[in-house]
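Some notes on the structure that comes next.
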Amino acid sequence: MKKISLLGATGSIGQQTLDVIKAHPGDLELVAMSFGDNIEFGRKIIMDFSPKIVSVRNKEACDTLKTEFTNGITFVYGEEGLVEVATYHEATILVNAVVGSVGLIPTLKAIEAKKTIAIANKETLVTAGHIVMDAAKKHGVSILPVDSEHSAIFQCLQGENDKNIEKIILTGSGGSFRDKRRHELVSVTVEQALNHPNWSMGAKITIDSATMMNKGLEVIEAHWLFELPYDQIDVVLHKESIIHSMVEFHDKSVIAQLGTPDMRVPIQYALSYPDRLMLPSTKSLNLWEVGTLHFSKIDFDRYRCLGLAYHAGKIGGTMPTVLNAANEVAVAAFLNGSISFLTIEAILEKSLEKHQSISNPSLDVIKEVDLEARAYVREQLLQ
Ligand code: NDP
Ligand code: MG
């Protein structure tokens, strides 16, 4: 029995993780969980799964739940609450499915507590990949990818010698606006941006997919997870999202992982690794129904955010922290209607230009730079 602690239970990845846990009562058990503000849904999950400890974002919600559930469940809150859930003594695996860099400290604490990490929260590796990977090595902890692209690469590498990798090739669907030309992006709405053609995901990552920043964050995440330089990480557009990613080896042989687009498959792989479990609701891939797979080259003028991510990643140091923090604030501003779609990339460009990267930053430096980058974007938004 694997005992699971889940951060972000009410989110898109969180819900699908719960689907997987529910489908395997003999193998997987939820013992600890967190959510943010969605108390109604959180309450339902608590009733369905009876975890031992629950963390919520604020104290009021925590106090309310304490009065409602008197059956021995521990309720905690805030960032400390996230850490308590992430390090809960009974759990052996942490599924980190919160959105944003708030996921970083709980991940590090869970690594210190020797939990296996199933990582969906990509902002953690983007902002502090060197610290997280070093800590994992030091404590002998595995970091298992949940994101479909990284899971695909991880699956393609099973039984292979990492030294034989020529490059990895991440696939990207192109997001909600893949059929639009650049000039047509000037007036797109939040509602249009939230309408992803292949995946149903949380709001932030859906906007990141439309700007292609999601692929950019994934490139940086892949750099850390697979310890590869950026010139060995490629991206190809593949609108069907059937090939989830590929690895090319020195002999030019390419291994790809395919499947219907269903996040529960990579989530389940991370939870069952090195074994494989079966989800009755996952559909088989009938290639005759798919018919044709399309691929095209990335146009970096069209998808500028992806270029910015490669740029920030290659410079390294605190540059990816700035990229991520500025992106979180800019995407939130787009979602609440304060800025237009193309302003997101303009803000990111300015934020990166202004920043002098600090190499090999400590956690304190990362925190400081993260706050500064957020403050700078907020200032820009007021102008
Ligand atoms: P959602 O927005 O759907 O869910 C986010 C979760 O985090 C919710 O449970 C939310 O709680 C909680 N949360 C948000 N902010 C805080 C906070 N400050 N403190 C505590 N809890 C918080 O996001 P997704 O599930 O889409 O994505 C989660 C992560 O996984 C992201 O990093 C994303 O990039 C990554 N990812 C997502 C994929 C997907 O298919 N969705 C695919 C691959 C990676 P509440 O709603 O209760 O407020
Ligand atoms: Mg992905």
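No value in this document is a laboratory result; all are computed from the given coordinates. Quantities reported herein were computed from a predicted structural model and do not represent experimental measurements. Cβ sites come from the backbone with ideal geometry, for glycine too, and all protein chains shown count toward neighbours.
Structure data summary
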{"item": "Size of electric dipole in region 162-283: Cβ of Lys, Arg +1 and of Asp, Glu -1, about Cα centre, debye, nearest 20", "result": "380 debye"}
{"item": "Net charge dipole size for region 41-153 [Lys, Arg +1 and Asp, Glu -1 on Cβ; Debye, nearest 20]", "result": "180 debye"}
{"item": "Exposed GluC sites (Glu not before Pro) absent - longest run of the chain, DSSP non-H/G/I/E/B, at most 13 other C-beta within 10 Å", "result": "228-383"}
{"item": "Inter-centroid distance (Cα atoms) of region 195-215 relative to region 96-138, Å", "result": "22 Å"}
{"item": "Rg over Rh [alpha-carbon atoms, Kirkwood Rh] for the chain", "result": "0.95"}
{"item": "Contact order normalised by residue count of region 306-383, Cα under 8 Å, 6+ apart, percent", "result": "42 percent"}
{"item": "Net length gained if the chain between residue 64 and residue 227 were fully extended (0.36 nm per residue, minus Cα distance)", "result": "54.2 nm"}
{"item": "Among beta bridges that DSSP assigns inside the chain, antiparallel share in %, nearest 5", "result": "30 percent"}
{"item": "Contact order relative to length of the chain, as percent, for alpha carbon pairs under 8 angstrom and 6 or more apart", "result": "15 percent"}
{"item": "Stokes-Einstein D in µm²/s, Kirkwood radius over Cα pairs - region 2-145 at 20 °C with 1.002 mPa s viscosity", "result": "145 µm²/s"}
{"item": "Unit charges at the beta carbon, dipole of the chain: most positive-side option, 177, 216, 64", "result": "64"}
{"item": "Under-5 Å amide H pairs with residue 6, H placed in peptide plane, nonlocal only", "result": "32, 33, 34, 95"}
{"item": "Trypsin sites (Lys or Arg not before Pro) within region 286-349, DSSP loop, no more than 11 other Cβ atoms inside 10 Å", "result": "297"}
{"item": "Potential lengthening between residue 294 and residue 181 on full extension [0.36 nm per residue; Cα-Cα distance subtracted]", "result": "38.9 nm"}
{"item": "Helical contribution to [θ] at 222 nm, DSSP H n ≥ 4, -39,500 (n - 2.57), averaged over the chain, rounded to 500", "result": "-14500 deg cm²/dmol"}
{"item": "Backbone HN-Hα couplings from phi across region 52-63 [Karplus 6.51/-1.76/1.60, Hz, Gly and Pro as x]", "result": "8, 9, 9, 10, 10, 5, 10, 5, 4, 4, 4, 5"}
{"item": "Hits among lysines - C-alpha to C-alpha of residue 297 under 26 Å, sequence gap 8 or more where chains match", "result": "122, 167, 180, 204, 215, 239, 252, 314"}
